[in-house]
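Undergrad: Supplied in structure tokens, the structure appears directly below.
Nothing in this text is a laboratory measurement; each read-out follows from the coordinates by a stated rule. Predicted, not measured: the structure shown is a model, and the values here were computed from it. Virtual Cβ from ideal backbone geometry, glycine too; neighbours counted across all protein chains shown.
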2 protein chains.
Amino acid sequence: MSGRRVTMTDVARRAGVSRTTASFVLAGRRDMRISGEAEERVRRAARELGYRPNLTARGLRTSVTRTIALVSDIIATTQFAGEVIHGALDAAGARDHVLLIAETEGDPNVETRLVEGMLDRQVDGFVYATMYSREVRLPAALRDARVVLLNCYTEEARVPCVLPDEVNAGRDAAAVVLAAGHREGIHVIGGRHMTNGTPEGVWAGLERMRGIEEVMAEADVRLDGVVECDWQPEDGHREVRRLLAAKTVPRALICLNDRVSLGAYQALQEEGLRVPDDVCVVSFDDSDLATWLRPGLTSVALPHYRLGRTAVEVLLDGKPDPVVHRIPMPVMLRASHTAATAPPDPAVRPGT
Amino acid sequence: MSGRRVTMTDVARRAGVSRTTASFVLAGRRDMRISGEAEERVRRAARELGYRPNLTARGLRTSVTRTIALVSDIIATTQFAGEVIHGALDAAGARDHVLLIAETEGDPNVETRLVEGMLDRQVDGFVYATMYSREVRLPAALRDARVVLLNCYTEEARVPCVLPDEVNAGRDAAAVVLAAGHREGIHVIGGRHMTNGTPEGVWAGLERMRGIEEVMAEADVRLDGVVECDWQPEDGHREVRRLLAAKTVPRALICLNDRVSLGAYQALQEEGLRVPDDVCVVSFDDSDLATWLRPGLTSVALPHYRLGRTAVEVLLDGKPDPVVHRIPMPVMLRASHTAATAPPDPAVRPGT
DNA sequence: TTGAAAGCGCTAACAA
DNA sequence: TTGTTAGCGCTTTCAA
């Protein structure tokens, strides 16, 4: 029906000029001087014909495809994915680029296969992302490619990376608890995630805890306990129950993510304890859960959207300036930390 | 460093044959008979040089790129995205294709721009997806393209679509309630989602309710009430509170999604009612929430992964047979519906 | 100011 | 059985 696409040759013919001339005006190059009249004819012809350049052909010629790849280990499960992709898409779209997605499932063979597939398609660059912040080894196939690391980092090479600012997130969470007036009975649930699977802890946990402990030390406040456990609802539930069973009634709980907080809510509720009147709860991630819980959960947000967007910006705008970009994690104040109207004491965190 | 990619010319030269011969053996074409010896030389050369075909060049020549596009209205927010993309990725990868993602945000202009961008890159086909099941108008730019609809449908053209089997989901949910022994005090929360924003209801609501009502009628059981409201936690909470305030203590709640169920749990808990002992709860979607709630929530799953995978399979394998593919929604039995061990009475739904 | 022509890496019709 | 050749649609050098 609509038949074959109109090519530049069609446009040139209709405008009565050579393909060269058409190419120059359509590319908007002003260096080779073309008569205003010819230019106008070409533009009109292109418009009338509905001409659109074939980017495959252009890519073959120039080896730029205006296509970038987002390869990540696991994309599914968590809501991480959605907003990261959203941010990446927005940044790519704003620069007239398009985004290829791939998921390696943590398998190096799959990874190699996928990366080579993208290379075969001449992508202009890669965002290499992980679901959970951690150190990575860059796959060999990516050695000579433009790459930005998202939510991970590497020591092997000087490749730019984009990470959430977890230390300050920890500082802010602690500051919220202090600003709510607590100086004792403060417990941390989740800790560094030092469990069987991750005996050294996970990066987010280590960083958040560092921030928390810094602020506590500065305020001369002692944590009453740090429970190391997995970060699922059942873990939060179990550990808080255990706390309560030991007659240790906490005044404030810093939970290392919203799922842990959910478990904590459940355990507190079972004992007839009320948030925030009896126990103050502060959390991390600011997932949907934080708004769904009753009362609303105060949580330091993982800035998924900005992470995705920034990674693509760094990739495409290519400012090599800072090698690691730390994206601030905004604290979302809701009702679970008591002093809902009081912002965290700015004096506690002078660094911002 | 590694310099330019090795091309087929390099391979041919090293194997001492023409580019044609190299092309034929590398493409695995056996119709033009090539000596086993030449073939072997070409293969060796390709292997030794680490040859990989440039898919951009091939695409220009053959106009097949082994690249498909997933364009959807909103990708972020819900966990829908993650699993759908995951399924699509798996199916595409298994067929050695790669996936381009785009998000229109419901804006037709954005949509046109994005679709044309993909067309300019010569994608082989489109999966056109929506976050919530509904009817759509296919954008004009997609008229001449290979398209599969995902989670939506259109009356205008005979384009294949992939949809969750919501009617049977409704049937199964109702069957679970009946199998748990309830014949009265059954309330539905959420209904057809007939609210200000969507006065006619939403597709999922209409279909689920049809299934529910069919089964109830067949069993000669009367629903005690259907509450029409939005499907957020606060709505479930408010409506169940209202129910309880009216001294209508329900025996069973069918909530139209897991978020509504969360709100219901909260309201029941506030009144000291226990799930499932006092009230049986059955839900839809089977999101993470369903596993996180205590007790675990019995929920009819939206088969996100299979939806995504099937859409790509239909697109790539191109069986035109059924125009609409209904993907079954498995019921995930947990603790909230009481008779945890009893599967829904198969006699109730003979159609499977 | 414009056009001819080469070539990006690949496929495929045709000739040898 | 293999090689020559002509493109796919575009950019860009060079000559006119």
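Undergrad: Pop out the Kirkwood hydrodynamic radius of the stretch A:8-53 from its pairwise C-alpha distances, inverse of mean 1/r, in Å to one decimal.
TA: In the stretch A:8-53 this quantity evaluates to 10.0 Å.
Undergrad: Once the convex hull of the alpha carbons of the stretch B:40-110 is built, what does its volume come to per residue, in cubic angstrom?
TA: About 130 Å³ per residue, rounded to a whole number.
Undergrad: Which is farthest toward the positive dipole end of the protein assembly as shown among A:V275, A:A335, A:V136, measuring Cα position about the Cα centre, with Cβ charges +1 (Lys, Arg) and -1 (Asp, Glu)?
TA: The one lying farthest along the dipole's positive direction is A:V136.
Undergrad: Which cross-chain or sequence-distant (5 or more) residues have an amide H under 5 Å from the amide H of B:N257, H modelled 1.01 Å from N in plane?
TA: B:F284
Undergrad: If I stretch the segment between B:D321 and B:R274 completely, what's the gain in nm (0.36 nm per residue apart, minus their alpha carbon distance), one decimal?
TA: 12.1 nm
Undergrad: Which one, A:A173, A:S18, B:G93, projects farthest toward the positive side of the charge dipole computed for the protein assembly as shown from Cβ point charges (K/R +1, D/E -1)?
TA: In the protein assembly as shown, that residue is A:S18.
Undergrad: How large is the charge dipole for the stretch B:8-53, taken about the Cα centre, if only the Cβ atoms of Lys, Arg (+1) and Asp, Glu (-1) carry charge, to the nearest 20 debye?
TA: For the stretch B:8-53, the charge dipole is close to 80 debye.
Undergrad: Tell me, what is the percent relative contact order of the stretch A:9-100, built from C-alpha pairs under 8 Å that lie six or more residues apart?
TA: Computed value for the stretch A:9-100: 23 percent relative contact order.
Undergrad: Run the paramagnetic zone check for B:R47: 7 angstrom along Cα to Cβ, then residues of the stretch A:110-135 with backbone nitrogen under 20 Å.
TA: Hits in the stretch A:110-135 for B:R47 at 20 Å: A:113.
Undergrad: In addition: List the relative contact order of chain B as a percent without decimals, with contacts defined as Cα pairs under 8 Å and 6+ residues apart.
TA: Relative contact order of chain B: 17 percent.
Undergrad: Same structure again: Roughly what % antiparallel, to the nearest 5, for the DSSP beta bridges in chain B?
TA: Once the DSSP bridges in chain B are tallied, antiparallel ones form about 5 percent.
Undergrad: Would you work out if the stretch A:166-297 is rounded, prolate or oblate? Take a ≥ b ≥ c from the square roots of the eigenvalues of the alpha-carbon gyration tensor; rounded if a/c is under 1.5, else prolate when a/b is larger than b/c, oblate otherwise.
TA: Verdict is rounded for the stretch A:166-297.
Undergrad: Could I ask something else about it? Hey, got a sec? Which trypsin sites (Lys or Arg not before Pro) in the stretch B:209-308 land in a DSSP loop and have at most 12 other Cβ atoms within 10 Å?
TA: Qualifying residues, ordered by number: B:R222, B:K247, B:R274.
Undergrad: Same structure, new question: In nm to one decimal, list the spacings between the A:R4 label point and its equivalents in the other copies, with label points set 7 Å along Cα to Cβ, shortest first.
TA: So the label point of A:R4 gives 2.8 nm to the other copies.
Undergrad: For q values of 0.06 Å⁻¹, compute log₁₀ I(q)/I(0) with the Debye formula on a Cα-only model of chain A, without solvent.
TA: -0.33
Undergrad: When chain B is treated as a GNM, springs tying every alpha-carbon pair under 10 Å, which of B:T154, B:T338, B:T130 comes out with the largest mean-square fluctuation?
TA: Looking only at B:T154, B:T338, B:T130, the biggest GNM fluctuation is shown by B:T154.
Undergrad: Further question: With each run of n ≥ 4 DSSP H residues scored as -39500 (n - 2.57), what mean residue ellipticity at 222 nm is computed for chain A after dividing by its residue count and rounding to the nearest 500 deg cm²/dmol?
TA: -12500 deg cm²/dmol, from helical runs alone.
Undergrad: Place a +1 charge on the Cβ of each Lys and Arg in chain A and a -1 charge on the Cβ of each Asp and Glu, then give the dipole magnitude about the Cα centre in debye, rounded to the nearest 20.
TA: Taking the Cα centre of chain A as origin, the dipole is about 2140 debye.
Undergrad: At a threshold of 8 angstrom on Cα-Cα distance, excluding pairs fewer than six apart, so keeping six or more, what relative contact order does the stretch A:206-310 reach in percent?
TA: Worked out over the stretch A:206-310, it gives 21 percent.
Undergrad: Per q in 0.05, 0.10, 0.11 Å⁻¹, report the Debye log10 I(q)/I(0) for the protein assembly as shown, using one uniform scatterer on each alpha carbon and no solvent.
TA: Taking Cα atoms of the protein assembly as shown as identical point scatterers yields -0.30, -1.07, -1.22.
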